[in-house]
Each structure stands twice: as structure tokens, then as C-alpha cells.
1. List, in the order given, every pair from Lys126/Lys161; Lys98/Lys227; Lys161/Lys227; Lys100/Lys271 whose Cα-Cα distance in the structure shown is over 21 Å.
2. Taking a virtual spin label 7 Å from the Cα of Asp250 along the C-beta vector, which residues in segment 200-224 bring their backbone nitrogen under 12 Å of it?
3. Expressed as cubic angstrom per residue, what is the convex hull volume of the alpha carbon set of segment 102-278?
4. Could you calculate the contour length gain from Ser219 to Ile24, that is, 0.36 nm times the residue separation minus the distance between their Cα atoms, to one decimal place in nm?
5. Express in whole angstrom the spacing between the alpha-carbon centres of segment 254-272 and segment 119-178.
6. Relative contact order, percent, of segment 102-278 when contacts are C-alpha pairs under 8 Å separated by at least 6 residues?
7. What's the exposure ranking of Lys190, Lys215, going from fewest to most Cβ atoms within 10 Å?
8. Long-range amide H contacts for Cys109: which residues qualify at under 5 Å (H placed 1.01 Å from N, peptide plane, sequence gap of 5 or more or a different chain)?
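The numbers here are math on the coordinates, done by the rules we state, and not lab data. Just so we're clear, the structure is a prediction, and the values are computed from it rather than from any experiment. A quick note on method: Cβ atoms are made from the backbone with ideal geometry, for glycine too, and the neighbour counts reach across all protein chains shown.
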Amino acid sequence: MAKKKSITRISDKKRGRPKVRFSIWGMILIFMLSFAACFIVYMVAANINENFWEDNFDKVVVEESSDKAADDNTPVESNESQNDNTQNKISNPIQQSKAKDSSYLDTCCLVTDSTLLGIEDHTELKDVIGSDALNAAGCNTVTIDTSYGNKTAYEILQAKKPEKIYIMLGSDIGTSSVDDMISNYTEFVKNVRGYLTSADIYILQLPPVPESNEKISNSLINEFNTKLLTIANMTGVYCLDTNTALKSVDGSISEEFTDSETGALTEKAFKKIADYILCHTV
């Protein structure tokens, strides 16, 4: 008996499906070919257009740099505005200027020790903060009895808020350490400058003494005045050479400006200093 042949039919449906296989190497090849094509197009464009790099890169960099520069300049201008460029404008000691009317002294406040006490009795400079106890070494701690209460000179200035402040301290020269005087003087000026930012502040140099003075020499006063000039330059305030205004040809104080018995400044000295202030302003 003959054997039956078994015939297996392959479905046309299955035979029509293509076999799809994922190849990592194929993907890499496609990526590399795409990258190469883009690179070739890019380089061709760069060679054809001479301004290609400026158009696509430099412009962006320049614009960002300009914006950054503008941003960087803003705070600098703001700081200069806050300080009013004071230190750049000041050339100490202040040179002679056109004389102000005496009414200018109405806007001034003087902080002083025994050196200029009494000036308000002989000049138009009436607003005076001072006492015999006040001096350079104690200018931050010595208190003064005023209508504002018993306060330091700095506290009184905080309450008054004057437009223009003149300072002459140093009656303790020869008794206090010059280093202590300068240290406390500097602290005082810095405090006033920091609080009254819009006020004009002037440091007045000490007047000379008679040649006959056995306790204080004019060389010591000159040394102190040089350090006052340094304080003014360092803190951005003004300095007046009131020492020269009262000096005679031999370097000591002129006889007309000092009382021969007490050594105190005379009425002529007070008026000379007031006139000097009026002729040395900014």
C-alpha cells in the first residue's frame, strides 16, 4: 500500500512579511553619515561667506559683552553718585576762591574746643558746638550741655544736621599723645562723614603759637596739621590752612592775633579766620 505524502503549505500571509532586524552598527553608520554631511555643508557655507563667523558668533559675544558692561557700569555710577566724586574733586588744602557774603556763615556750624571758643561773639559765625573740656583726644566721648541735652559733639551734629561743618580741635596738643589725638579725630570725622553724607565738612588746621611758648613748639603744631591734612584726604573732606592765615614771617603767630598775657586768640584773629573761611570755599 502506498504511503501518503504529507504536504505542508506555507501561508501566503506569512510568506509576505519581511523580517526586520535592529542593527546598532547600522544606526551608528547612519549617524556618522548624517554628521559628516552636516559638517561638509557647514564648512562649505563658512568658506563661501567671509563674514560667516562674525555673523553667527561675534555678534552674539559683543552684544552680551555690551550688556554686561552696561550692567557693570551701573553700580559704579551709583557709587560715584553716592559719594559725589568727593575724593576725586578735592585738592587740599582748599585754595582761595571768590569771597562769599557773610550770610554764608549762617549756614555753618563750628565744632571746637577752647581754641575758637568766643568766635561767635566777634563774627557772624554763631552756631558753635564746643567747651573748654572738649579736645582732640576726647572728641568722641566728652559731652557738652546744650538745648539737646548733655551729648557728645557727634550726637549734637546728628540732631542739628547742619549744611556745612567746620572743625577745629587740638587744644590738648602738648599734653595728649599726638597719635591718640589723630586716632580719635579720624574716628570723629569718619562718623560725621558717614552720617551727614550731604554736608560739606572742613577741617581747620591749628594756628601757630608765639615763639616764646615753652610748652608747645610750632614744629609740633606743623606735624599735627600735616596729619590733619592726611585725615581730610583719607576721609574725603576739605581742609583749610588756617595756620598760614595767622602766621608771621618768622613762622610764629602774628602779635596782633594773640593775647600776650593769656595766649588766647584775639578778636582780630577770630575775624581773620571768619574771613579766611569766606574766601576758601568750594
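1. In this structure, Lys98/Lys227; Lys161/Lys227 lie more than 21 Å apart at Cα.
2. 210-213
3. Dividing the Cα hull volume of segment 102-278 by its residues yields 107 Å³.
4. Difference between extended and current length: 60.8 nm.
5. Cα centroid to Cα centroid, the span is 21 Å.
6. With pairs under 8 Å counted, the relative contact order is 21 percent.
7. Fewest-to-most ranking of Lys190, Lys215: Lys215, Lys190.
8. Lys164, Ile165, Tyr166
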